[in-house]
Amino acid sequence: VDIYRASTSVVNLTDSAFRLGGTSNEHIIVDTDGLTIKDSSTVRGKFTAGGATIGVTSGPHISASTTDIFVKQSANDYLQIDSDSVDIYAGGTKMSEFGSTVYVGDQSNEHVKLSSTGLELKDSSTVRGKFTGGGTTLGVTSGPHISASTADVTIFQSSDDYLKIDADSVDLYA
């Protein structure tokens, strides 16, 4: 069944599909694949049993499936929400992850890690600084570093050479 306006089909109904609007303009199609929103031949939105896409997939768009949601600026710059985190990608690299542990920065390079055990300043897997409820460490603990707890402050050159300051003394070990 077709309904025409000014010799243009604006409604088409078959036993397997329904179209509302002229195919050379904005229109919707409902069929066994789901609901598709089109502008002429360009798909602007699609809703299926597996999810939805809003926008043209070759440009900025939003897509949601049964497992995750994407807000995409491009193939390399986007936000992803899944069951355990919200991740932000820039240039194809994950730059932030917000879950039970939070990461800000490229985890392969310099980044910040925030978890229930404290805040860490990291260079890849190397901890360069750590802040916890019990104190702070600045520097890599296998080399020269500073450690400050609720009881003392210690400046290490090595495990044998260090300066320790506590409530009743300043001690130098060499």
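The values are calculated or read from the model by the stated rules, or taken from the named source; none is laboratory data. Worth saying up front: this structure is predicted, and the values here are computed from it rather than measured. Quick reminder, even Gly has a Cβ in these numbers, built from the backbone with ideal geometry, and neighbours come from all protein chains shown. When the accessible area is computed, the model is the full protein with side chains, heavy atoms only, and any ligands, DNA or RNA have been set aside. Shrake-Rupley method; radii C 1.70, N 1.55, O 1.52, S 1.80 Å.
Taking all protein chains as they are arranged and a probe of 1.4 Å, the heavy atoms of Val102 leave approximately 30 Å² accessible to solvent. Each pair of Cα atoms in region 80-173 enters the Kirkwood radius, and Stokes-Einstein at 4 °C and 1.567 mPa s then converts it into a translational diffusion coefficient of 86 µm²/s. Evaluating 6.51 cos²θ - 1.76 cosθ + 1.60 at θ = phi - 60° for every residue in region 23-29, the Karplus couplings come out as 5, 8, 10, 5, 7, 10, 10 Hz, glycine and proline recorded as x.
Gap in Å between the Cα centre of region 90-107 and the Cα centre of region 111-141? After rounding, the separation between the Cα centres reads 16 Å. Of all lysines in the structure, those lying under 29 Å Cα to Cα from Lys113, and not within fewer than 8 positions of it along the same chain, are Lys72, Lys94, Lys122, Lys130, Lys164.
Go ahead and run the numbers for FRET between Ala49 and Asn76, Cβ-Cβ distance against an R0 of 30 Å, rounding to 0.05. Efficiency, from the Cβ-Cβ distance: 0.55.
Each Lys or Arg adds one and each Asp or Glu subtracts one; over the other residues with Cβ under 9 Å from the Cβ of Val104, this totals 0.
Take every pair of alpha-carbon atoms less than 8 Å apart whose residues are at least six positions apart; their mean separation over the length of region 99-174 yields a relative contact order of 14 percent.
With a 1.4 Å probe rolled over the protein heavy atoms of all chains, the accessible area of Val170, Val86 falls in the order Val170, Val86, largest first.
Cross-link partners for Lys46 among the aspartates and glutamates, with Cα-Cα distance under 14 Å and sequence neighbours closer than 8 places in the same chain left out: Glu26, Asp31, Asp33. Distance from the alpha carbon centroid of region 1-37 to that of region 50-77 works out to 25 angstrom. The string of couplings for region 108-125 from the Karplus curve (6.51, -1.76, 1.60, θ = phi - 60°) is 7, 10, 5, 7, 10, 10, 10, 9, 5, 8, x, 10, 10, 9, 10, 10, 6, 9 Hz, one whole number per residue in order, with x for Gly and Pro. Relative to the current alpha-carbon distance between Thr67 and Gln157, full extension at 0.36 nm per residue lengthens the span by 27.4 nm. Volume per residue for the chain equals 116 cubic angstrom (convex hull of Cα atoms). Kirkwood analysis of region 1-72, using all unique Cα-Cα pairs, places the hydrodynamic radius at 13.1 Å.
A simple count of charges around Tyr173, restricted to other residues whose Cβ falls under 11 Å of its Cβ and scoring Lys, Arg +1 and Asp, Glu -1, yields -2.
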